[in-house]
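The values are calculated or read from the model by the stated rules, or taken from the named source; none is laboratory data. Owing to the predicted nature of the structure, the values given are computational and were not obtained by experimental measurement. Quick reminder, even Gly has a Cβ in these numbers, built from the backbone with ideal geometry, and neighbours come from all protein chains shown.
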(Lines give C-alpha, C1' and ligand atoms only; values in the text may rest on other atoms or scores of the structure.)
Protein backbone atom coordinates (compact mmCIF):
# COMPACT_ATOMS: atom_id res chain seq x y z
CA UNK A 1 0.00 0.00 0.00
CA UNK A 2 1.48 3.34 -0.95
CA UNK A 3 1.43 6.60 1.01
CA UNK A 4 -1.80 8.54 0.71
CA UNK A 5 -3.94 5.50 -0.13
CA UNK A 6 -6.40 6.28 2.70
CA UNK A 7 -8.13 9.64 3.23
CA UNK A 8 -11.12 11.25 4.91
CA UNK A 9 -11.04 8.99 7.98
CA UNK A 10 -14.09 9.40 10.21
CA UNK A 11 -14.72 7.55 13.46
CA UNK A 12 -17.83 6.80 15.48
CA UNK A 13 -17.76 5.47 19.03
CA UNK A 14 -19.98 2.38 19.24
CA UNK A 15 -19.12 1.19 22.75
CA UNK A 16 -16.89 2.21 25.64
CA UNK A 17 -18.02 -0.43 28.10
CA UNK A 18 -15.29 -3.01 28.78
CA UNK A 19 -12.93 -1.81 26.05
CA UNK A 20 -13.48 0.57 23.10
CA UNK A 21 -15.32 -0.34 19.89
CA UNK A 22 -15.26 2.23 17.07
CA UNK A 23 -16.54 2.29 13.51
CA UNK A 24 -14.14 3.83 10.98
CA UNK A 25 -15.36 5.06 7.60
CA UNK A 26 -12.72 6.13 5.08
CA UNK A 27 -11.83 6.33 1.42
CA UNK A 28 -9.37 3.74 0.12
CA UNK A 29 -7.40 4.11 -3.12
CA UNK A 30 -7.68 0.86 -5.08
CA UNK A 31 -5.04 -0.50 -7.47
CA UNK A 32 -7.05 0.77 -10.45
CA UNK A 33 -6.78 4.36 -9.17
CA UNK A 34 -10.42 4.59 -8.06
CA UNK A 35 -11.39 5.73 -4.56
CA UNK A 36 -13.76 3.44 -2.70
CA UNK A 37 -15.62 4.23 0.55
CA UNK A 38 -15.12 1.49 3.15
CA UNK A 39 -16.05 1.03 6.79
CA UNK A 40 -14.65 -1.27 9.47
CA UNK A 41 -15.28 -1.79 13.17
CA UNK A 42 -12.13 -1.75 15.31
CA UNK A 43 -11.99 -3.17 18.82
CA UNK A 44 -9.32 -1.49 20.97
CA UNK A 45 -8.45 -3.40 24.13
CA UNK A 46 -4.90 -2.06 24.39
CA UNK A 47 -1.67 -3.90 23.65
CA UNK A 48 -0.60 -7.00 25.52
CA UNK A 49 2.25 -9.34 26.34
CA UNK A 50 2.55 -13.12 26.69
CA UNK A 51 5.33 -15.43 27.81
CA UNK A 52 6.29 -19.09 27.65
CA UNK A 53 7.82 -19.99 31.00
CA UNK A 54 10.18 -22.95 30.77
CA UNK A 55 12.49 -24.91 33.05
CA UNK A 56 15.42 -26.13 30.98
CA UNK A 57 16.72 -28.67 33.52
CA UNK A 58 13.33 -30.33 34.03
CA UNK A 59 12.13 -29.78 30.40
CA UNK A 60 8.82 -28.36 31.66
CA UNK A 61 6.62 -25.38 30.86
CA UNK A 62 4.15 -23.39 32.92
CA UNK A 63 0.73 -22.82 31.35
CA UNK A 64 -2.57 -21.58 32.75
CA UNK A 65 -6.19 -22.63 32.46
CA UNK A 66 -9.09 -20.20 32.70
CA UNK A 67 -12.63 -19.61 31.48
CA UNK A 68 -12.94 -17.56 28.27
CA UNK A 69 -16.53 -16.51 27.52
CA UNK A 70 -15.91 -15.68 23.82
CA UNK A 71 -14.75 -19.26 23.21
CA UNK A 72 -17.75 -20.64 25.10
CA UNK A 73 -20.25 -18.79 22.91
CA UNK A 74 -18.34 -19.99 19.83
CA UNK A 75 -18.50 -23.71 20.55
CA UNK A 76 -15.83 -24.38 23.20
CA UNK A 77 -18.04 -26.65 25.33
CA UNK A 78 -16.81 -25.62 28.79
CA UNK A 79 -15.16 -22.32 27.84
CA UNK A 80 -11.85 -23.34 29.43
CA UNK A 81 -8.63 -22.49 27.61
CA UNK A 82 -5.06 -23.60 28.24
CA UNK A 83 -2.75 -20.67 27.59
CA UNK A 84 0.63 -19.14 28.29
CA UNK A 85 0.68 -16.38 30.90
CA UNK A 86 -0.46 -13.07 29.37
CA UNK A 87 -1.91 -9.67 30.16
CA UNK A 88 -2.56 -6.14 28.97
CA UNK A 89 0.26 -3.60 29.15
CA UNK A 90 -1.75 -1.04 31.14
CA UNK A 91 0.69 1.71 30.06
CA UNK A 92 3.72 -0.40 31.14
CA UNK A 93 6.70 -1.43 29.09
CA UNK A 94 5.97 -4.90 27.63
CA UNK A 95 8.80 -6.61 29.57
CA UNK A 96 7.73 -4.98 32.86
CA UNK A 97 4.13 -5.96 32.17
CA UNK A 98 4.89 -9.60 31.54
CA UNK A 99 7.06 -9.92 34.65
CA UNK A 100 4.13 -8.51 36.71
CA UNK A 101 1.64 -10.83 35.01
CA UNK A 102 3.85 -13.87 35.63
CA UNK A 103 3.87 -13.19 39.36
CA UNK A 104 0.12 -12.44 39.51
CA UNK A 105 -0.95 -15.43 37.41
CA UNK A 106 1.62 -18.10 38.24
CA UNK A 107 3.24 -17.08 41.52
CA UNK A 108 6.76 -17.02 40.03
CA UNK A 109 8.94 -13.90 40.23
CA UNK A 110 11.23 -13.88 37.20
CA UNK A 111 13.71 -11.19 36.31
CA UNK A 112 14.96 -12.09 32.81
CA UNK A 113 12.67 -12.26 29.81
CA UNK A 114 13.66 -12.72 26.17
CA UNK A 115 11.66 -10.90 23.47
CA UNK A 116 10.57 -13.29 20.71
CA UNK A 117 8.37 -11.27 18.36
CA UNK A 118 5.48 -8.83 18.06
CA UNK A 119 2.25 -9.86 16.37
CA UNK A 120 -1.23 -8.65 15.50
CA UNK A 121 -3.40 -11.59 16.56
CA UNK A 122 -6.61 -10.62 14.75
CA UNK A 123 -5.80 -7.68 12.45
CA UNK A 124 -9.16 -7.69 10.71
CA UNK A 125 -10.96 -6.29 13.75
CA UNK A 126 -8.69 -5.94 16.81
CA UNK A 127 -5.99 -3.25 17.09
CA UNK A 128 -3.92 -5.08 19.73
CA UNK A 129 -0.20 -5.74 19.28
CA UNK A 130 0.91 -8.73 21.34
CA UNK A 131 4.54 -8.82 22.51
CA UNK A 132 5.74 -12.42 22.91
CA UNK A 133 8.51 -13.51 25.29
CA UNK A 134 10.18 -16.58 26.74
CA UNK A 135 11.60 -16.80 30.24
CA UNK A 136 13.18 -19.41 32.47
CA UNK A 137 11.74 -20.33 35.85
CA UNK A 138 12.83 -22.57 38.72
CA UNK A 139 11.43 -23.54 42.11
CA UNK A 140 13.43 -20.83 43.92
CA UNK A 141 11.45 -18.19 42.02
CA UNK A 142 8.11 -19.33 43.47
CA UNK A 143 6.75 -16.54 45.71
CA UNK A 144 3.05 -17.34 45.84
CA UNK A 145 0.19 -19.42 44.50
CA UNK A 146 -0.68 -17.25 41.49
CA UNK A 147 -4.24 -17.43 40.20
CA UNK A 148 -4.52 -13.83 39.03
CA UNK A 149 -4.73 -10.39 40.62
CA UNK A 150 -7.34 -9.85 43.31
CA UNK A 151 -10.37 -8.11 41.88
CA UNK A 152 -9.77 -9.14 38.25
CA UNK A 153 -12.07 -12.21 38.40
CA UNK A 154 -9.58 -14.35 36.51
CA UNK A 155 -9.68 -17.61 38.54
CA UNK A 156 -6.53 -18.90 36.90
CA UNK A 157 -5.33 -22.47 37.41
CA UNK A 158 -1.54 -22.87 37.14
CA UNK A 159 -0.38 -25.94 35.18
CA UNK A 160 3.08 -27.44 34.79
CA UNK A 161 3.64 -29.89 31.94
CA UNK A 162 6.61 -31.65 30.41
CA UNK A 163 7.33 -29.82 27.16
CA UNK A 164 6.70 -32.98 25.14
CA UNK A 165 3.25 -33.31 26.74
CA UNK A 166 2.41 -29.70 25.89
CA UNK A 167 3.41 -30.33 22.27
CA UNK A 168 1.17 -33.42 22.16
CA UNK A 169 -1.70 -31.32 23.58
CA UNK A 170 -1.10 -28.81 20.80
CA UNK A 171 -1.17 -31.56 18.16
CA UNK A 172 -4.35 -33.12 19.60
CA UNK A 173 -6.19 -29.78 19.68
CA UNK A 174 -6.36 -29.59 23.48
CA UNK A 175 -4.31 -26.37 23.24
CA UNK A 176 -6.11 -24.02 20.83
CA UNK A 177 -4.93 -20.57 21.89
CA UNK A 178 -2.91 -18.83 19.15
CA UNK A 179 -0.31 -17.12 21.34
CA UNK A 180 0.36 -20.41 23.12
CA UNK A 181 0.66 -22.31 19.85
CA UNK A 182 3.12 -19.71 18.51
CA UNK A 183 5.29 -19.79 21.62
CA UNK A 184 5.33 -23.59 21.91
CA UNK A 185 6.26 -23.90 18.24
CA UNK A 186 8.93 -21.23 18.72
CA UNK A 187 10.38 -23.28 21.60
CA UNK A 188 10.44 -26.41 19.44
CA UNK A 189 11.85 -24.65 16.37
CA UNK A 190 14.61 -22.95 18.35
CA UNK A 191 15.32 -25.99 20.57
CA UNK A 192 15.33 -23.81 23.70
CA UNK A 193 15.75 -26.84 25.96
CA UNK A 194 18.93 -27.88 24.17
CA UNK A 195 20.84 -24.59 24.29
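The table below lists the values:
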item	result
Condition met for residue 103 (farther than 29 Å from residue 42 by Cα and surrounded by fewer than 14 Cβ atoms within 10 Å (Cβ to Cβ))	no
Matching residues, the range 109-120, being surrounded by 14 or more Cβ atoms within 10 Å (Cβ to Cβ) and more than 13 Å from residue 99 (Cβ to Cβ)	116, 119
Within the range 81-99, considering residues that are modelled with pLDDT under 95 and part of a strand (DSSP E or B), the one nearest to residue 189 (Cα to Cα)	87
Within the range 113-129, considering residues that are assigned to a loop (DSSP other than H, G, I, E, B) and in contact with a helix residue (DSSP H, G or I) (Cβ under 9 Å, 6 or more places away or on another chain), the one nearest to residue 41 (Cα to Cα)	122
Unique residue being part of a helix (DSSP H, G or I) and in contact with a strand residue (DSSP E or B) (Cβ under 8 Å, 6 or more places away or on another chain) when the list is 158, 102	102
One residue from 154, 104 being in contact with a helix residue (DSSP H, G or I) (Cβ under 8 Å, 6 or more places away or on another chain), closer than 25 Å to residue 91 by Cα and at pLDDT below 95	154
Any chance residue 37 is exposed (fewer than 12 other Cβ atoms within 10 Å of the Cβ) and either in a strand (DSSP E or B) or modelled with pLDDT of 95 or more (or both)	yes
Pairs, first more than 17 Å from residue 128 (Cβ to Cβ) and not assigned by TED's automatic domain parsing to the domain that holds residue 38 in the range 3-25, second outside any strand (DSSP E or B) and at pLDDT 95 or above, C-beta under 8 Å, six or more apart	none
From 90, 164, 96, residue being surrounded by fewer than 16 Cβ atoms within 10 Å (Cβ to Cβ) and more than 17 Å from the chain's Cα centre (by Cα)	164
Counted residues, the range 170-195 - those being surrounded by 17 or more Cβ atoms within 10 Å (Cβ to Cβ) and assigned to a helix (DSSP H, G or I)	7
